[in-house]
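Shown next, in structure tokens, is the structure this report addresses.
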Amino acid sequence: MNDHKLCNARMYEARESQKISPEERPAYHFSCQVGWMNDPNGFSVYNGKYHLFYQYYPYANAWGPMHWGHAVSQDLIHWDYLPAALAPEDSFDYHGCFSGSAVETPEGKQLLLYTGVTEVEDPQGNYTLQSQCIALGDGVDYTKYPANPVLDGKDIPDGFSPRDFRDPKIWLEPDGSYAAVAVNRTEDGSGAVLLLRSPDGFRWRVDAILDRCRNEYGRMWECPDFFPLNGKQVLMVSPQEMAPKGLEFHEGDNTMVILGSYEDKTFRREAVQQIDYGMDFYAPQTTLALDGRRILIAWMQAWRTSKFHTDARGYYGSFTIPRELQIRDGRLIQTPVRELEARRRNRVLYQNDTFTGMHTLENIQGRIADITVELTPAESGYRNFHIRVACGKDTYTEISYDPESSILRLSREHAAIRPEDIQVRECYVRNRSGALKLRLLLDRFSVEVFANDGEQTMTSLIYDPAEANGISFCAEGSVNLWVEKFDLQ
Ligand code: FRU
């Protein structure tokens, strides 16, 4: 086994990350140690701590041959970097250690299951193959299994592709055996989710086809997850090349959750929804917390905009705040992990604040804040309400609500700096006769909106400078506000 590339990556990241000041990073969101990051990988508990790995190219702020970066946390908010865990340097993963997952084995080891990418030379044009590989470790150092890959193109059903076969998400079954879901591209060119099983973590086989896209929800599916929650079985995927479906899905890469039931190798769909309705959210992965909560974390970026401003900082990539998941009234509900509340400082509270037109509130400003707003119509009601954050002289990012259509809108049309991209996203929220509750998590470079206690979320990066830190409210008509704001440390 080779580890030359891994040693280089470890030396490089230890040296170069020193050059990144804390102010260049988000205050309470995870960002990669140095260079480029995309998907969260191996989000799991090992030896009583949370481990988080990530798709990583340390040497540039752009995607390159994929390594796995690594970090560890006690509280899901503060993360300590660990040395890179995997580098693409063996015959079975020479062109990349793609996305995967981790689990603690009954023997006390940490098992990583990931996609190894290799290239096949072909006179018609080289192409890549994807297969599933494992590495075993102690939470810091990992040894790749010499007999990798453990599952490849020879092991999949007819009509399934050895080229697009990736992103295994593993778990341990109560009987001590292992299971995983992975995605594949089928004959019709669109994605499918395979259920994989193994008695010991080393010998794997395909057990069932759980679901297929059939070109209905995008094309290829990426980054699956599969878990029980509140009496339902949840299948999560990140579909590519989606066509818009009303306000539910937007063009291009999306994330989707399918709620259903699972029995006898059969998954039955009951409801389908978008996971996050903002611009910058992809490839979510979940883990089970020590106390049984199901926690999700996602890449806070979009492939579409991933070439924007790549050299502005010494790193390029951050994750959303970890979110607790629930199912309520047939919908996936997401709320920021409660651990964040321990970071709250300097409470500012306004109760019963009735106003019309433009409005600012003393001490409600800043780019690093946790703000809850409860809105109710006052007097003759209102036609539109908005909050502007990251306000500069004439620039801002806006969250607005139209009570008649019940549409919540997130817009960066008036941001000072914005990628050539979708600038507006909209979603329906529950019609509560004009009442609305919003929680906004603002960090230096992002905003996450949680509507009505997490029934919908909208996530967007904010590229405007730190000095753009105003917050204002506006009502066309008359509203009553309850506002609570904390700084976050
Ligand atoms: C999703 C993805 C995965 C793949 C990885 C490569 O963003 O395309 O399917 O494993 O990124 O970095």
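The values are calculated or read from the model by the stated rules, or taken from the named source; none is laboratory data. Quantities reported herein were computed from a predicted structural model and do not represent experimental measurements. Note that each Cβ is placed from the backbone with ideal geometry, even for glycine, and that neighbours are counted across all protein chains shown.
Being within 16 Å of the ligand (Cβ to nearest atom) and either more than 13 Å from the chain's Cα centre (by Cα) or within 27 Å of V103 (Cβ to Cβ) (or both) is the filter here; which residues of the range 254-287 pass it?
Across the range 254-287, the qualifying residues are T255, M256, I275, D276, F281, Y282, A283, P284, Q285, T286.
Any idea which of A102, A87, A71 is touching a helix residue (DSSP H, G or I) at 6+ places or on another chain (Cβ under 9 Å) and buried (at least 17 other Cβ atoms within 10 Å of the Cβ)?
Exactly one of A102, A87, A71 is touching a helix residue (DSSP H, G or I) at 6+ places or on another chain (Cβ under 9 Å) and buried (at least 17 other Cβ atoms within 10 Å of the Cβ), namely A87.
Right, K49: in contact (Cβ under 8 Å) with a residue 24 or more places away in the chain, over 25 Å from R323 (Cα atoms) and not β-branched (V, I, T) or not?
No, not satisfied.
For the list (1) more than 13 Å from the ligand (Cβ to nearest atom); (2) touching a residue at least 60 places away in the same chain (Cβ under 8 Å); (3) within 27 Å of G317 (Cα to Cα), I need the number of the one condition that P88 fails.
(1)
Cβ-Cβ under 8 Å, sequence separation 6+ or interchain: first residue in the range 455-482 and within 20 Å of Q423 (Cα to Cα), partner among the polar types (S, T, N, Q) and assigned to a strand (DSSP E or B). Which pairs?
Matching pairs, first to second residue: T457/Q334; T459/S446; S460/T397; S460/S446; L461/S446; I462/T397; I462/S446; D464/T397.
Looking at (1) in contact (Cβ under 8 Å) with a residue 60 or more places away in the chain; (2) in contact with a Leu (Cβ under 9 Å, 6 or more places away or on another chain); (3) not aromatic (F, W, Y), find the lone condition where Q273 falls short.
Going through the list (1) in contact (Cβ under 8 Å) with a residue 60 or more places away in the chain; (2) in contact with a Leu (Cβ under 9 Å, 6 or more places away or on another chain); (3) not aromatic (F, W, Y), Q273 breaks only (1).
Please return the ranges of strands (runs of 3 or more DSSP E) entirely within the range 396-489 where 1 or more residues are modelled with pLDDT of 95 or more and of a type in the set (F, W, Y).
Where strands (runs of 3 or more DSSP E) fall fully within the range 396-489 and carry at least 1 residues being modelled with pLDDT of 95 or more and of a type in the set (F, W, Y), they are 397-402, 424-428, 446-451, 470-488.
Residue check: is A390 of a type in the set (A, V, I, L, M) and touching a Leu at 6+ places or on another chain (Cβ under 6 Å)?
Working: of a type in the set (A, V, I, L, M): yes; touching a Leu at 6+ places or on another chain (Cβ under 6 Å): no.
Judged against the criteria, A390 is not a match.
Residues that are farther than 19 Å from L290 by Cα and among the aromatic types (F, W, Y): list the strands (runs of 3 or more DSSP E) wholly contained in the range 16-108 that include at least 3 such residues.
Here the list reads 49-57.
Matching residues to (1) in a strand (DSSP E or B); (2) over 20 Å from the mean Cα position of the chain (by Cα); (3) within 13 Å of the ligand (Cβ to nearest atom); (4) touching a residue at least 40 places away in the same chain (Cβ under 8 Å):
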{"position": "G201", "(1), (2), (3), (4)": "no, yes, no, yes"}
{"position": "I209", "(1), (2), (3), (4)": "yes, yes, no, yes"}
{"position": "R214", "(1), (2), (3), (4)": "no, yes, no, no"}
{"position": "E222", "(1), (2), (3), (4)": "yes, no, yes, yes"}
{"position": "F226", "(1), (2), (3), (4)": "yes, no, no, yes"}
{"position": "V234", "(1), (2), (3), (4)": "yes, no, no, yes"}
